[in-house]
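Working notes for the structure below.
The values are calculated or read from the model by the stated rules, or taken from the named source; none is laboratory data. What you see is a predicted model; the values in this text were computed from it and never measured. Because the Cβ atoms are built from the backbone with ideal geometry, glycine has one as well, and the counts that use them run over all protein chains shown. The accessibility values were calculated without ligands, DNA or RNA, using every heavy atom of the protein model including side chains. Shrake-Rupley method; radii C 1.70, N 1.55, O 1.52, S 1.80 Å.
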Amino acid sequence: MKGTTNSCTIAAVLIAAIAFAAAITVPGGNDGESGLPIFARNSAFIVFAISNAASLFTSSTSLLVFLSVLTSRYAKEDFLYALPRSLILGLLTLFLSITLMTVSFSATVYIVFRQKKVYVLVPVIVMACLPIISFVLLQFPLLAALISSNWRGIFGKKSNRPFY
């Protein structure tokens, strides 16, 4: 669990850094006079802005959840409820941030190449789906095992004990 959390923490940090950098350097640049993004009225730019912001927020959430796993007290009771629930939440938000980062990237490619080099769009957007598919194929068995083995413990009736 700790190894998975360490790896996912690194991935969440990288996605947050990429999303932050993409928000600062918007596709197409800014207008010299007003300072507003050049493509601000374009619908693809709105998709970029929303998906990039959502990617930043979900990767930050994922990072915080994984850090809570790393800094937990690792008591016996934590392995029954808190840690599996945190790992499930962290993996789901990390998957969502990867998906949103890919949507943001695809919107940027569309903004840049939509008029001059349309033949670039299809292969780039198809290849942009590879990280999503590989993450699902590699992490879904872990997520499914966590959910199936802890379904009653995570989502069932809680005990009357004070700390979990």
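Here are the numbers for the structure shown:
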quantity	calculated
From L89, L64, residue being open to solvent by 20 Å² or more (accessible area, probe 1.4 Å) and either among the β-branched types (V, I, T) or more than 16 Å from Q139 (Cβ to Cβ) (or both)	L64
Filter result (in a helix (DSSP H, G or I), open to solvent by 40 Å² or more (accessible area, probe 1.4 Å) and free of Cβ contacts under 8 Å to residues at least 12 places away in the same chain) within the range 92-121	F113, V118, Y119
Contacts under 8 angstrom Cβ, first residue in the range 41-60 being in contact (Cβ under 8 Å) with a residue 60 or more places away in the chain, partner in a helix (DSSP H, G or I) and β-branched (V, I, T), 6 or more apart	N42/I111; A44/I111; F45/I111; V47/V103; F48/T108; F48/I111
Members of the range 68-86 found to be open to solvent by less than 70 Å² (accessible area, probe 1.4 Å), assigned to a helix (DSSP H, G or I) and at pLDDT 80 or above, listed by number	S68, V69, L70, L83, P84, S86
Tally, over the range 1-60, of residues that are of a type in the set (F, W, Y) and open to solvent by less than 70 Å² (accessible area, probe 1.4 Å)	3
Check on V103, more than 25 Å from the chain's Cα centre (by Cα), modelled with pLDDT of 75 or more and under 30 Å from I24 (Cβ atoms)	no
